[in-house]
1. Can you say whether residue 533 is without any contact (Cβ under 8 Å) to a residue 40 or more places away in the chain, touching a Leu at 6+ places or on another chain (Cβ under 8 Å), surrounded by fewer than 17 Cβ atoms within 10 Å (Cβ to Cβ) and within 18 Å of residue 426 (Cβ to Cβ), as far as the supplied structure shows?
2. What residue, among those in the stretch 308-320 that are assigned to a loop (DSSP other than H, G, I, E, B) and touching a residue at least 60 places away in the same chain (Cβ under 8 Å), is surrounded by the fewest Cβ atoms within 10 Å (Cβ to Cβ)?
3. Looking only at the stretch 351-364, filter to residues that are under 20 Å from residue 300 (Cβ atoms) and surrounded by fewer than 23 Cβ atoms within 10 Å (Cβ to Cβ); which one of those is farthest from the chain's Cα centre (by Cα)?
4. In the stretch 473-509, which residues are part of a loop (DSSP other than H, G, I, E, B) and either in contact (Cβ under 8 Å) with a residue 12 or more places away in the chain or among the acidic types (Asp, Glu) (or both)?
5. Among strands (runs of 3 or more DSSP E) lying entirely in the stretch 407-472, which contain 1 or more residues that are at pLDDT below 95 and buried (at least 20 other Cβ atoms within 10 Å of the Cβ)?
6. Considering only residues that are in a loop (DSSP other than H, G, I, E, B) and surrounded by fewer than 23 Cβ atoms within 10 Å (Cβ to Cβ), look in the stretch 269-294 and name the one that is nearest to the chain's Cα centre (by Cα).
7. Which one is modelled with the highest pLDDT, of the residues in the stretch 127-166 that are touching a Pro at 6+ places or on another chain (Cβ under 9 Å) and not in a helix (DSSP H, G or I)?
8. Count, please, the residues in the stretch 677-704 that happen to be under 33 Å from the mean Cα position of the chain (by Cα), in contact (Cβ under 8 Å) with a residue 24 or more places away in the chain and part of a helix (DSSP H, G or I).
Amino acid sequence: MKQIKLSLNQTYSQHKVIEQLVTLNYIRSKLVLEIGEFAVRGDIMDIFPAESTHPIRIEFDLDTLSRIHYFSPHTQRITKQLNNCHIIAFDSTHHKPTGVNLNESYIDHKIIENLFENDYVIHEDYGLGKFKGLHYKTFRNSQGEYIILEYKKGDTIYIPINQINRIHKYEKTTANPPLNSLNDAKWRSQKKKAKADTLRLAEELFTTYKTRNKQQGFAYAPDTELQLIIEQEFPHPLTPDQEKTIQAIKNDMEHSRPMDRLICGDVGYGKTELLIRATLKALDNQKQVAILVPTTLLAEQHLQTFTERLKNTPYIIKCLSRFITKKDQKEIIKQLKNNQCDCIIATHRLLSKDISFNNLGLLIVDEEQRFGVKHKETIKMIKPNVDILNVSATPIPRTLYLSLSGSRDFSVIETPPKNRKPILTYINPIDDQILKNAIHQELNRNGQVFYVFNNIKTIHKKATYLKEIVPSLQIGIIHGQQQESHIKQIMTDFKQKKYDCLLSTTIVENGLDIPNANTIILDGAESFGLAQIHQLRGRVGRSNQQAYAYLLYNDKKTLSEKASKRLEAIKEYVSLGSGYDIALRDLEIRGAGSVLGKEQHGHVLSIGFSYYCKLLEESVNEKKGKNKSTRYPVLETKYMTISDTYISEPRERIAIYKQLLQCQTHTNCQTIQDDLQDRYGRFDTSMTAVFEYIRKKIDEINTL
């Protein structure tokens, strides 16, 4: 097999290494985002070798190879140092099927600002315009880099780079939203109304916060020996984020104020582990626990998981769903009332008027984004002063939740489980060969396939079609109109590997955990919602196996603008932990009314979601008395301009400018400098001058 072998402190011609990479089918790009690419930045080269889980970064000192490191595709920072590396030939037909490999968001979106020419933006002073790029310009005898914005009638304005934090990306909801003019009274009016609205909303949140602090609930005792012993028996070690979150939950429960916390963690990040521990704490304090879930399948899975994990405790766990007969439901409801059932896992049935508890202490709402406003109001009325723990994989974006933090506590799980790999995602028109290759690839490693087809009328025809393509395929079919016992049996058989493929509607969307199924195919992807695609894709990739998601659309149909946007967004966000990006984009595409209310949704349309969040955060801080702005150094454009010979990609320069403007300490400054030199090489004189200037300005604000 052809390969390149490189060793530390050995002599190589960088030019010849580049030629060899091209010969081995590697593609040169500005930034390494996926396997089979390489990038060159002066003496530094980034390469993503075939068959490697991490890209490598090498640096030449003249013709001597002076360093070799793995680097994190998520942060672009170097990690493990290497003494040598082997780069084998990249065979695109062998490693991935025909179509686009979409690992674009391997890279942290804090590093690259997704701002392209002709994107719509909001400038806080001028309103809606179009981003037309960056331009080096001499103004009043000083040269610097400027942002070009275009407004109504083609009017153009050059914005100094030190004002970049006053520019916000605007996700359009119509094909061609009307641009503001440069001196637009309408924009000033829209901004004024939006600000007034955020002040009203902040007042409501502040009132809620004060009321909540006055309430008295049940204060749980510290962890008992039983809890600690049971937790030590659990099979999965917690990640740092899980440890931090469960500690916050337990602290809440031990406080007399009722808990109201939201746990946000991406699909497959171990949120259930925390729910089991919180449940155990409540049960050990003689309190009942209710767990509300959106689907019967998730209810059944939680019942199995919680029962297995708490089998060495005396607690009785039951389930209420349509899988349970009416006779058994009546008996379970009676047991709840008489304190003969300690933990109930249930679907919407839990919200019925005939349900009552003897001593409810903890209510868990899993996949809370699946419940509507009416359901959430009913949930609040189940019992006052009860501890509430909400869980979501597609949360409201963090920027918004920081603003709303007065009404609810907020925990984030951003660390993936050990050895978890990003799901390789492909978007293609529906094609027989792609399906055949995808299914065979999974079966050849003794895995299983989810096939999601959301049309009950023709689902059996689809099964026949799949059997024609792959005759040996053993297919189980489930959908929401089947008998409960049938669905339960098919799911059990699939878990026991009696079927190779589970053909289903979106009934499998939430929470199912089948580690042996690591390929999912969405047929008619254009008709699914963005958050829904993200959830469905999260059914795979729950082991250390590489997982694959195929989003197949009907190319005979004309995609609507929203459908096209959804697929484009999935292209951008396929990395581990991308649920926040998905949530933000989903809100921008479908509108923010479901989160903020209809009136707020109108303001979001007029001034943009990002700018609305900024105004709301400012208003909340004003109400809390935190109206002193954070002190950042005032940087002049002419002294902070980054040379395009050092960083050639405009989007990357934009992201760096934003970081520089947020720089408050010498530690911040040094971190940015180290990252830049790691990625782009040693500073030239202009970059050295930029950082000397920033350090000087930091000293100035620290002496005030």
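The values are calculated or read from the model by the stated rules, or taken from the named source; none is laboratory data. For clarity, every value in this text was computed on a predicted model and none was experimentally measured. Using ideal geometry, Cβ is built from the backbone for each residue, glycine included, and neighbour counts are taken over all protein chains shown.
1. Working: without any contact (Cβ under 8 Å) to a residue 40 or more places away in the chain: yes; touching a Leu at 6+ places or on another chain (Cβ under 8 Å): yes; surrounded by fewer than 17 Cβ atoms within 10 Å (Cβ to Cβ): no; within 18 Å of residue 426 (Cβ to Cβ): yes.
No, not satisfied.
2. Quick first cut of the stretch 308-320, residues assigned to a loop (DSSP other than H, G, I, E, B) only: 310-316.
Remaining after also requiring touching a residue at least 60 places away in the same chain (Cβ under 8 Å): 310, 312-313.
Working: 310: 19, 312: 9, 313: 15.
The selected residue is 312.
3. Of everything passing the filter in the stretch 351-364, 355 is farthest from the chain's Cα centre (by Cα).
4. Taking the stretch 473-509 first, the residues part of a loop (DSSP other than H, G, I, E, B) are 473-474, 479-483, 496-500, 505, 509.
Answer for the stretch 473-509, where residues must be part of a loop (DSSP other than H, G, I, E, B) and either in contact (Cβ under 8 Å) with a residue 12 or more places away in the chain or among the acidic types (Asp, Glu) (or both): 473, 474, 479, 480, 481, 497, 498, 499, 500, 505, 509.
5. Numbers: elements: 409-413, 424-429, 448-453.
Result: 409-413, 424-429.
6. Initially, the stretch 269-294 is screened for residues in a loop (DSSP other than H, G, I, E, B), giving 269-270, 285-287, 293-294.
Narrowing further to those that are surrounded by fewer than 23 Cβ atoms within 10 Å (Cβ to Cβ): 270, 285-287, 294.
Numbers: 270: 14, 285: 35, 286: 36, 287: 34, 294: 21 Å.
In this case the residue turns out to be 270.
7. Filtering the stretch 127-166 for residues touching a Pro at 6+ places or on another chain (Cβ under 9 Å) gives 128, 133-134, 139, 144-147, 152.
Next, only the ones that are not in a helix (DSSP H, G or I) stay: 128, 133-134, 139, 144-147.
Working: 128: 95, 133: 90, 134: 90, 139: 74, 144: 87, 145: 90, 146: 91, 147: 92.
Filtering first and then ranking leaves 128.
8. Residues of the stretch 677-704 that are under 33 Å from the mean Cα position of the chain (by Cα), as a first pass: 677-681, 691, 694.
Subset that is in contact (Cβ under 8 Å) with a residue 24 or more places away in the chain: 678-681, 694.
Next, from what is left, pick out any that are part of a helix (DSSP H, G or I): 678-680, 694.
Total satisfying the criteria: 4.
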